[in-house]
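Reading through the structure tokens given below for one structure.
The numbers here are math on the coordinates, done by the rules we state, and not lab data. All values reported here derive from a predicted model rather than from experimental measurement. Backbone-built Cβ (ideal geometry, glycine too); neighbour counts: all protein chains shown.
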Amino acid sequence: MTPPPPLDPAEKPTVSAIVVSYNTRDDVLRCLSTLERHADLPFETLVVDNASVDGSVDAVRATWPAVRIIANPRNVGFAAACNQGVLASRAPYALLLNSDAEVRPGAVPALVALLDARPDVAVAGPRTLDEDGTVQVSFGPDLTLAGEWRQRRLLRGVRARHRGTLRHAERASRREDEPAWVSGSCMLARRAALEAVGLFDEGFFLYEEDADLCLRLRRAGWRVVFTPAAEVVHRLGRSMEKAPQRSRLEYHRSHLRYYRKHNGFLSTVLLRTWMISHASFSWLAASGAGPGRGEARRSAVDAIRVALGRS
């Protein structure tokens, strides 16, 4: 594996690829190797590491010496790490990429071409696939109670590999759309637009920072576009596997934060009520002894504490 040559300091890059990593050494190395396919673009790559303990930073330094690394002494969260990368970058376009994602050939030029041709577009997201080629749900409607109900049905159907749902998701992923949000697992963002709305909200440690960003961009007059012209393979949730209970807790916190910011008092109360009811049922269902039941009860208690504003 030959690392790309260092960018000439006098040459301003077109794209700054910003990869956030947390204990995903093998994945981040694989991710960086797929970025090498786009060496024809004036390109720089930054890895923002959130205090990994698996040797990720040393492995990147040894394998990809041209990559710039921001090594955080603690895990600052995904949104804050993305902001660090954007502020340290030099390009007008920021490719925000999860460490467990791989860009397919031609993906980055397709996203760049879209933003070049349409100056009112702030963010473009690609078609996203599982390793087996199954389409992922990587864009969707505003996070309202009704919108989330429909989106959850779609997600459950795709994960369960229901044929009708997969056909629906596949058809949707084959046409360009202007959804409410595109996934932060891979998005090409116009830096001027990010700065105009204050970058990511760092109050989101993990989850829904992408939906919040896209909503603020749209309210500021920018457009958000999903395009099937670019494809990415996403090994969903590799970082989350390292700390599943913390991940679930941060999901509940982010979900409630989004509703408080954007959906009003009544919707927030309804969400709190649903969270408490669902967690209480989960706690009862996990009563007694057995593998995983203790963790399930702890997760249910965490959800209730978040809903009550105690965590």
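Between R90 and R152, what FRET efficiency follows from the Cβ-Cβ distance if R0 is 51 Å, with the result rounded to 0.05? Result of the calculation: an efficiency of 0.80.
Do you know the relative contact order of segment 241-307, to the nearest whole percent, from alpha carbon pairs under 8 angstrom that are 6+ apart? It rounds to 40 percent for segment 241-307.
Measuring r between the beta carbons of R219 and A62 and using R0 = 45 Å, the FRET efficiency lands at 0.55.
Bridges between two residues of segment 15-238, per DSSP, are antiparallel at a rate of about 35%.
Among T144, T45, T24, a tally of other beta-carbon atoms within 10 Å of each Cβ gives an order, fewest to most, of T144, T24, T45.
Using a Gaussian network model of the chain in which every pair of alpha carbons under 10 angstrom is joined by a spring, one finds that among A107, A279, A146 the greatest mean-square fluctuation is at A146. Give the angle, between 0 and 90 degrees and rounded to the nearest 10, that separates the Cα long axis of helix 107-117 from the longest principal axis of the Cα atoms of the chain. For helix 107-117, the angle is close to 80 degrees.
Just rank D132, D201, D26, D212, fewest to most, by other beta-carbon atoms within 10 angstrom.
So the residues, fewest neighbours to most, are D132, D26, D201, D212.
So how tilted is helix 264-285 from the main axis of the chain? Cα-based, degrees 0 to 90, rounded to 10. For 264-285 against the chain, the angle is about 70 degrees. Distance between the pseudo-spin-label points of H278 and D26 (7 Å out from Cα toward the beta carbon): 3.2 nm. Restricting segment 111-193 to chymotrypsin sites (Phe, Trp or Tyr not before Pro) that sit in a DSSP loop and have at most 15 other Cβ atoms within 10 Å of their own Cβ leaves nothing. Expressed per residue, the C-alpha convex hull volume of segment 77-168 stands at 156 Å³.
Assign one of three labels to segment 241-307, namely rounded, prolate or oblate, based on the Cα gyration tensor with a ≥ b ≥ c the square roots of its eigenvalues; rounded applies when a/c is under 1.5, prolate when it is not and a/b is larger than b/c, and oblate otherwise. Oblate, since a/c reaches 1.5 and b/c is not below a/b.
Taking the C-alpha atoms only, the angle from helix 163-173 to the longest principal axis of the chain is near 40 degrees.
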